[in-house]
1. Which order do peptides 55-61, 32-38, 12-18 fall in by mean Cβ count within 10 Å, highest first?
2. Need one number: nm distance between label points at Tyr18 and Asp92, each 7 Å from Cα along Cα→Cβ, rounded to one decimal.
3. So for the chain, taking the charge dipole from beta-carbon charges (+1 Lys/Arg, -1 Asp/Glu), which of Ile81, Trp113, Ile26 sits furthest toward the positive end?
4. Kyte-Doolittle mean at least 0.0 and Cα extent at least 24 Å along the axis: which DSSP H helices of the chain qualify?
5. Students often forget the sequence filter, so: which lysines lie under 25 Å Cα-Cα from Lys99 once same-chain residues fewer than 8 apart are removed?
6. Quick one: accessible surface of Arg94, probe radius 1.4 Å, all protein chains present, in square angstrom to the nearest 10.
7. In vacuum, with every alpha carbon of the chain counted as one equal point scatterer, what does the Debye formula give for log10 I(q)/I(0) at q = 0.21 Å⁻¹? Two decimals, please.
8. Which net charge results when you count Lys and Arg as +1 and Asp and Glu as -1 among the other residues whose beta-carbon is under 15 Å from that of Phe28?
Amino acid sequence: MNATSNNTIEFLNQVNLYLFKYIAPIIFIIGNIENFFSIFIFLKKSWRKNVCVFYFLICLLFYVGFYFSTLLPTFLILASIDRLLISSQNVDTRLYSSKRFAYFLCCINTFFWLTFFLHILIRVNFIEV
């Protein structure tokens, strides 16, 4: 490699370092502020009547925590299924779109993913002999 390539690689490494050091925290803070505004909007009484809003509110709360990132896509899938159920022409199918059923599914979903990743919390280290 010549000196120009080394300088370019070093420059790109410095740019990458500065982006993650200074720009990423700013974007993270702005994103969390926007999430709190979304939570505030979804907590209004007129929005809380909708079951789909419950799923989005749970997603936002878990996203602010950022610890359970595997729960987010599952809650979005549950919200999509809820929209499908509520838009059905069959009355019996529409009855499955209720807050009680949403609470049940959220509990089952959280329990499933917590048990799925339980081995990470235990942190078992295998040592070869």
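1. Top of the packing list down: 55-61, 32-38, 12-18.
2. 6.6 nm
3. Ile81
4. 24-42, 99-116
5. Reachable lysines: Lys44, Lys45, Lys49.
6. 90 Å²
7. Log10 of I(q)/I(0), two decimals: -1.19.
8. 0
The values are calculated or read from the model by the stated rules, or taken from the named source; none is laboratory data. Only a predicted model underlies this, so the values are computations on that prediction, with no experimental measurement involved. Reconstructed Cβ throughout: ideal geometry from the backbone, glycine too, with neighbour counts over all protein chains shown. For accessibility, only protein heavy atoms count, side chains too; no ligands or nucleic acids. Shrake-Rupley method; radii C 1.70, N 1.55, O 1.52, S 1.80 Å.
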